[in-house]
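Notes follow the structure.
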Amino acid sequence: MHGTLFVSGNSGLHRLHPLTKLALTFLFLVFAATLPNLLWLLAAFVILLVPMSAWGGLLRPFLRSCLVVITPFVISLSIIQGFFTPGETPLFHLAGFVLTGEGLLAGLTVASRILMALGGALLLMLSTRPDMLMLALTRSGLPGSLAYVVLTSIQIFPRFQERAQVILEAQQARGLEIKVNIFKRLRLLVPLMGPLVLSSIVDVEERAMALEARAFSRPGRKTSLLALADSPGQHLARWGLLLLMLALIGWSIWRAISS
Amino acid sequence: MNGFRKEFSTFSIALMAVAIAINIGAGQIPRAVGLPLYLDSIGTVLVGVLVGPWAGALTGFLANVVWTFTGLFPQAIAWAGVAAIIGALAGVFAQSGWLKEWWRAALAGLITGVVAAILSAPIAAYVFGGVTGNAGTDAIVAAWRAAGFDALFSNVAQGTMSDPLDKIVTYLIVWAVLLALPQRLKARFGNQSGQAAKTRARKRR
Amino acid sequence: MIRIKDFCYWYPGQDQPALDGIDLEIPEGQFCGVVGPNGAGKSTLCYALSGFAPHFFHGTWEGELQVGKRDVPRSTLGELAGEIGLVFQNSFNQISGARFTVREEIAFGLENLGLKRKEIERRVEETLALIDLEALAERSPFALSGGQQQRVAIASILAMQPKLLVLDEPTSQLDPRGTQEVFKILDKLAGRGGTTVVLVEHKLEWLAAFADRVITFSQGRIVLDGSAKKILADEKLLKLGVGQTQFTQAAAAVQKKKFIPRSRPLPVTLKQAQKFFE
Ligand SMILES: Nc1ncnc2c1ncn2[C@@H]1O[C@H](COP(=O)(O)OP(=O)(O)O)[C@@H](O)[C@H]1O
Ligand SMILES: [Mg+2]
């Protein structure tokens, strides 16, 4: 799908109700915040997220997305926490700075928390059509206009990228010099971005009228062509997940107080 | 409450969608020109300026939700609150008439940049262990840490090195767009003090 | 179907009315073309018919404007949507973007009307068949050509089963192939009857081919009104800056050189032209 991570499929994960998957995502977020150390976090990732992605037939795209997202964090955190956290076990010396074992561990722990949290979000997005998620949220009270904003911007930003590309190429064909000094480059931004932004804003009027012509602002209940499959079991599971999250948060607060 | 409702007409809803698409879609231009800028809040600032603080705030917030959805920068959602404040500030600056002259627009950009840097830093420092996951910014943070500063200060310092310039350029582009926007459309959005065309009493032929 | 009596409309802040004392009656099922120079008020007529003037543009109005039993300027846009359909020039702007396939995009308006799923499905399938979009039903509306996209826009409005379909230059941003695609649909609608159509169009050859009637606008007023064949052959169109069909131009040129008697009426369609030159 244009502009999204979604990979179509017909697996059990794909067929779960979007709110069930959203609840799982939040659970993983709570795990990321509350699990005590690197070992627990990596174990949770390997035992929960990896098999879930495999269940959805999404193992490869999931691991690839995780890698793309987490690598810069691993590098930045290893360096920044590794060198600038004081500790007893020096591992490596560089220009007067010491990479400590404690620092490296701290850095990797933060990275694994990020991996857990963002991995949950990536899994949701890989397995859920954005329109289905928005439909589920509108059914639970999210204003339809917000769902419209999210879905429409997801679909039209790639078109704007294309237009930006066309403008850039046209300017380059006219001999736009990229290697000029920074102030000249700054001045270039206005002729490059101005027309793109301006024409899109002018188009908004017609866009809004076209929406009105489709009864967008008609008061009253709206229906949907798409059907959302839910089950009493999933309904119960969502409540269960909520309780579990509350319990985890309670546990970690208790731990923080008692230590 | 009335102002709040007026900010969520079909017109402004359609504008928000386009604005978020501008935020994400125009990002490649500064990179192609070789400038170290993000310019990823032009749309947010435009909505704030044209429609008002509430709409600006919502646009900023949703823009970061959409960034997460696209998978391009999933951690964006953590900064959704900062993006909302950037949009709200734009609405307030416009209502105070700061978008009329270019230099005041630049000043608004400068203030926004400093505010954004100060608000973003704790998120990087406490949620993401002092980094943002962007190689360029993290290298600058590392330099500050190497100079002996703590995580929070280093992130604030990094932010104040890049955000003000980014937001000044953003505001100048918005200012230029406003200048070119037909008066009729500006009046329709009608958030800028003094700029809204007063509807003249019509005269019968 | 349409009854307009002494209708005037002013955009906000304008002293000059964009519609200036319009009197117009269009019977049910008629296919009515609208021509006129730029700024004559054709788009404004479309907006008035669909309620956007005054409900979207604000401004002030006078007179009466009824479509069916509905008093348009006294109804809300929510009530009017679905009863009166409006199609614009730019196809990209008309794709809502909130739906991911052509089928779902066509359903968007029906969902907003709150129809039951069964009814939505029935109407969507019917419309896909009518507009010949079945092969594209599962595609993203953003992955289509301009002409295909404009057909989706028309289908999205038709699925709402409006009593009146208003189209404001639906082909002016399309390439020749897209134009052809859209006109094939309009031809089908004209032939099918039932839907009242108001079409603003510069391509006069096409209007001549299937409009029942043509009205001509100038400076916010209706200056010519009559059967398509009669109005399109009228020399006044040239003075108004509307132009003539290619057939009319060719025939007039030949007639001037006196090869053909002056009494013979000028053609506006291919068939008429063939007869004219025989
Ligand atoms: N939104 C608007 N606000 C103010 N004036 C407008 C607006 N749209 C059109 N006009 C004016 O109304 C007149 C009729 O315009 P329009 O209906 O667009 O003409 P046409 O479609 O025949 O080219 C023109 O003088 C035009 O400048
Ligand atoms: Mg027009």
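The values are calculated or read from the model by the stated rules, or taken from the named source; none is laboratory data. Remember, predicted model here, so these are calculated numbers, not experimental data. Positions of Cβ are backbone-derived with ideal geometry, glycine not excepted, and every protein chain shown enters the neighbour counts.
Pick out the one residue from C:Phe100, C:Phe108 that is more than 16 Å from ligand 1 (Cβ to nearest atom) and assigned to a helix (DSSP H, G or I). Before you say what the answer is, go through the steps one by one.
On the way: C:Phe100 fails: assigned to a helix (DSSP H, G or I).
Exactly one of C:Phe100, C:Phe108 is more than 16 Å from ligand 1 (Cβ to nearest atom) and assigned to a helix (DSSP H, G or I), namely C:Phe108.
Enumerate the strands (runs of 3 or more DSSP E) found wholly within region C:193-278, keeping only those where 3 or more residues are in contact with a Leu (Cβ under 7 Å, 6 or more places away or on another chain). Talk me through it step by step, then tell me what you get.
Details: elements: C:196-200, C:213-218, C:221-227.
Because the criterion is at least 3 residues that are in contact with a Leu (Cβ under 7 Å, 6 or more places away or on another chain), the strands (runs of 3 or more DSSP E) in region C:193-278 that meet it are C:196-200, C:213-218.
Kindly state which helices (runs of 4 or more DSSP H) lie completely within region C:1-82 and contain at least 2 residues that are more than 13 Å from ligand 1 (Cβ to nearest atom) and assigned by TED's automatic domain parsing to the domain that holds C:Gly226.
C:77-80
Taking region C:77-91, which residues are within 7 Å of chain A (Cβ to nearest Cβ) and hydrophobic (A, V, I, L, M, F, W, C)? If you could, list the steps in order and put the result at the bottom.
The initial filter retains those residues of region C:77-91 that are within 7 Å of chain A (Cβ to nearest Cβ), namely C:77-78, C:81-82, C:85-86, C:88, C:90.
Hits for region C:77-91 are C:Leu77, C:Ala81, C:Leu86, C:Phe88.
Identify, from the list A:Leu99, A:Leu133, A:Leu108, the residue that is touching a Gly at 6+ places or on another chain (Cβ under 7 Å) and among the hydrophobic types (A, V, I, L, M, F, W, C).
Of the residues listed, the single one that is touching a Gly at 6+ places or on another chain (Cβ under 7 Å) and among the hydrophobic types (A, V, I, L, M, F, W, C) is A:Leu99.
Which one of these is out of contact with any Lys or Arg (no Cβ under 8 Å at 6 or more places or on another chain), more than 16 Å from ligand 2 (Cβ to nearest atom) and either closer than 30 Å to A:Phe160 by Cβ or not hydrophobic (A, V, I, L, M, F, W, C) (or both): C:Ile154, C:Ile185, C:Ile131, C:Ile120?
Step by step, each of C:Ile154, C:Ile185, C:Ile131, C:Ile120 is checked, and only C:Ile154 is out of contact with any Lys or Arg (no Cβ under 8 Å at 6 or more places or on another chain), more than 16 Å from ligand 2 (Cβ to nearest atom) and either closer than 30 Å to A:Phe160 by Cβ or not hydrophobic (A, V, I, L, M, F, W, C) (or both).
Can you tell me how many residues in region C:21-64 are within 14 Å of ligand 2 (Cβ to nearest atom), among the hydrophobic types (A, V, I, L, M, F, W, C) and away from chain B (no Cβ under 14 Å)?
7
All but one of (1) touching a helix residue (DSSP H, G or I) at 6+ places or on another chain (Cβ under 6 Å); (2) among the charged types (D, E, K, R); (3) surrounded by fewer than 20 Cβ atoms within 10 Å (Cβ to Cβ) hold for C:Arg262; state the number of the condition that does not hold.
(1)
Just checking, does region B:6-14 include any residue being away from chain A (no Cβ under 11 Å), in contact with a Gly (Cβ under 6 Å, 6 or more places away or on another chain) and in a helix (DSSP H, G or I)?
Residues of region B:6-14 away from chain A (no Cβ under 11 Å): B:6-7.
Remaining after also requiring in contact with a Gly (Cβ under 6 Å, 6 or more places away or on another chain): B:7.
Going one step further and asking which of them are in a helix (DSSP H, G or I), we end up with none.
The answer is no; no qualifying residue exists.
How many residues are out of contact with any strand residue (DSSP E or B) (no Cβ under 7 Å at 6 or more places or on another chain), among the small types (Gly, Ala, Ser) and assigned to a helix (DSSP H, G or I) when one looks only at region A:88-141?
11
Restricting attention to region C:96-128, which residues are more than 8 Å from every other protein chain (Cβ to nearest Cβ) and either under 19 Å from C:Asp168 (Cα atoms) or of a type in the set (Val, Ile, Thr) (or both)?
C:Thr101, C:Val102, C:Ile106, C:Thr127
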